[in-house]
2 protein chains.
Amino acid sequence: MTVRRLDRSGGQSLWKQLQEDLVRRLRSGEFDDAFPGELALVDEYAVSRHTVRQALGQLRTDGLIVAERGRQPRVATTPEIRQPMGALYSLFSSVEESGLPQHSVVRALDIRADGVIAARLNLEGSSPLLYLERLRYAGDEPLALDRVWLPAALADALLDADFTHTSLYNELSVRTGLNLDHGREDIRAINPTAAERALLHCPPEAAAFSIIRQGTAQNRPVEWRHTVVRGDRFALSAEFSANIGYRLTPAPRTTALAQGW
Amino acid sequence: MTVRRLDRSGGQSLWKQLQEDLVRRLRSGEFDDAFPGELALVDEYAVSRHTVRQALGQLRTDGLIVAERGRQPRVATTPEIRQPMGALYSLFSSVEESGLPQHSVVRALDIRADGVIAARLNLEGSSPLLYLERLRYAGDEPLALDRVWLPAALADALLDADFTHTSLYNELSVRTGLNLDHGREDIRAINPTAAERALLHCPPEAAAFSIIRQGTAQNRPVEWRHTVVRGDRFALSAEFSANIGYRLTPAPRTTALAQGW
DNA sequence: TTCGCTTAAATGTACGCACATTTAAGCTAA
DNA sequence: TTAGCTTAAATGTGCGTACATTTAAGCGAA
């Protein structure tokens, strides 16, 4: 075993150096088989167990590893998606609850370049992107038009995937090991363009949601997504309280709310 | 200073007991002035500083307190309970962040009966309701039309309140002691009616959000609310991660998102 | 009064030790 | 072979110490 030396000049704390080095090694796949135990790290880095535990504690709260008493820490299989969150999952599970079958028509799945999107993914303008465009159905009627860009460097394994029935995140997790652990959404009320309206079979007067999502996995931008959802077929529902915070719920309470109100 | 004793029989770890006791005391408002330092807690609970730090570390990752080197820990400015949550508070604070002055024009404030609304508040059809209708401005332009019904039995003290600058929840808390602790929202994308469009000075093609909120305080229905928000002036923004869950954030990230997308 | 320095106090980091509790491996006996 | 026990190993908890670093209070001189 190689002994690794940390910088003890005082520039940065030992446990932080250790934590970052472990993240680096973990991402390189070095620990896919087994994560080293505390005492092994004590020997390897020549620091106290206290320092090792401080570094591991950070990794644990970040959801990168899980640890239990009596057994060695393990790399977290899923970086803790306690509940798939966000408006898009809410959309998916609302349909699920309604009992309607859902499927997608893949309108595009290719590699292309787009400087504007690349910049939003913190990439250079010429970076190749994987582009996926789907028309999502609930029952026989279209529900949403979904466009998503991912860095090709991370996601090119998805090029030959079949997205008519599987979700992007599931495929992403299985094929690349990436799991979204952070993100943000901007949700707007819009009137669809004529083209979108035609694709979605929108009634002439129906408004729509525009959902823009940026997702990251372990601090790396992974997706930039734009979804247009028919407003006459979908409502965002949420519950909130002091205990649970703000939580999107799968189904609108009553369809009556869709009427005049 | 009273010395507090923890259960050392081994049922639960000391730091967890300490952490829970501190949460309890913190919620009771005991630490609103100053949070005790590590050494003070060492004396008070008769545990080692290591144990105290373990408990405080948990409080810190939970976001209840903030700590810096050399100064005592302080209660986090956002006291854990994002009390005013939901899309309507997000609306309010978005305007606040933008720097635009906001005020309301009260279009109605009276007692009336409405069987449909009363039923939604779990009241008899003939029960009197306090009705408040406001046109909310951000700057010189209307932003939202806000209609809310409350049981008159609970809220009649609000009849002579001035709602041009104060919020409903603030007035409700001050005058009746009621604080919303639970609620649900249904958010839809709609096209405003002609009347709403006129009131809101909507551009002809602008969509809007329809937000229906039911709020309860201590299991009693307190409000039934319907708000129409101009879609060209407002976006719902949210962040989500494994740690913080789904949280609405005050401001959209870039106004550029409002354009084509 | 006010500016600047000194000093005390508080948290951050890092080391050590001991024991409890749980897991997993190994061994023994039927 | 297998069931059950024993034992080693690993993490969890808790205590102690020491020093570094930063903040804030106190003090003194201009």
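Throughout, read-outs are computed from the coordinates displayed, never taken from laboratory work. Since the structure is predicted, the reported quantities are computational estimates derived from the model, not experimental observations. Here the Cβ is made from the backbone with ideal geometry for all residues, glycine too, and neighbour counts use every protein chain on show.
I need the per residue convex hull volume for region B:105-225, using only the alpha carbons, in cubic angstrom as a whole number.
Details: hull volume 13.2 nm³, N = 121.
So the per-residue Cα hull volume is 109 Å³.
How many nanometers, to one decimal and shortest first, lie between the label point of residue A:72 and those of its other copies, if labels sit 7 Å from Cα toward Cβ?
With the label placed 7 Å along Cα→Cβ, residue A:72 yields 4.6 nm.
Find the relative contact order for chain A and round it to a whole percent, using C-alpha pairs within less than 8 Å whose residues are 6+ positions apart.
Details: 418 pairs, mean separation 36.5, N = 261.
Relative contact order, chain A: 14 percent.
Quantify how strongly other chains surround peptide A:227-235 by giving the mean number of their Cβ atoms within 10 Å of each of its Cβ atoms.
On the way: counts 0, 2, 1, 1, 8, 3, 0, 3, 8.
Taking the mean over all residues of the peptide, I get 3.
Put the label 7 Å from Cα along Cα→Cβ for residue A:198; what are its distances to the other copies, in nanometres, shortest first?
Result, one decimal in nm: 3.6.
State, to one decimal in nm and shortest first, how far the label point of residue B:21 sits from each corresponding label point in the other identical copies (label point: 7 angstrom along Cα-to-Cβ).
With the label placed 7 Å along Cα→Cβ, residue B:21 yields 3.9 nm.
What is the average number of partner chain Cβ atoms found within 10 Å of a Cβ in A:187-196? Walk me through the numbers on the way to the answer.
On the way: counts 11, 13, 19, 10, 6, 2, 1, 0, 0, 0.
Taking all residues of A:187-196 together, the mean is 6.
Under 10 Å, Cα contacts only: if you run a Gaussian network model on chain B, which one of B:191, B:219, B:179 comes out with the highest mean-square fluctuation?
Highest fluctuation of the listed residues: B:219.
Would you mind giving the mean number of other chain beta-carbons within 10 Å of the Cβ of each residue in A:198-208, as a whole number?
Working: counts 0, 0, 0, 0, 0, 0, 0, 2, 4, 11, 4.
Average per residue, whole number: 2.
List the residues of region B:148-188 whose backbone N lies under 19 Å from a point placed 7 Å from the Cα of residue B:126 along the Cα-to-Cβ direction.
Zone members listed by number: B:151-154.
Could you tell me the ratio Rg/Rh of region A:1-128? Both radii from Cα atoms, Rh via Kirkwood.
Working: Rg = 21.2 Å, Rh = 18.6 Å.
With Rg and the Kirkwood Rh in hand, the quotient comes to 1.14.
Can you list which of the trypsin sites (Lys or Arg not before Pro) found in region B:121-169 are DSSP loop residues with at most 11 other C-beta atoms within 10 Å? Write out the running numbers ahead of the final one.
Numbers: sites: B:134, B:136, B:147; in loops: none.
Answer by residue number: there is no such site.
Of B:11, B:115, B:245, which is the most mobile in a GNM of chain B whose springs link Cα atoms less than 10 angstrom apart?
Highest fluctuation among the options: B:11.
Out of residues 5 or more away from residue A:143 or on other chains, whose amide H comes under 5 Å of its own, with H placed 1.01 Å from N in the peptide plane?
Long-range HN contacts for residue A:143: A:136, A:137, A:138.
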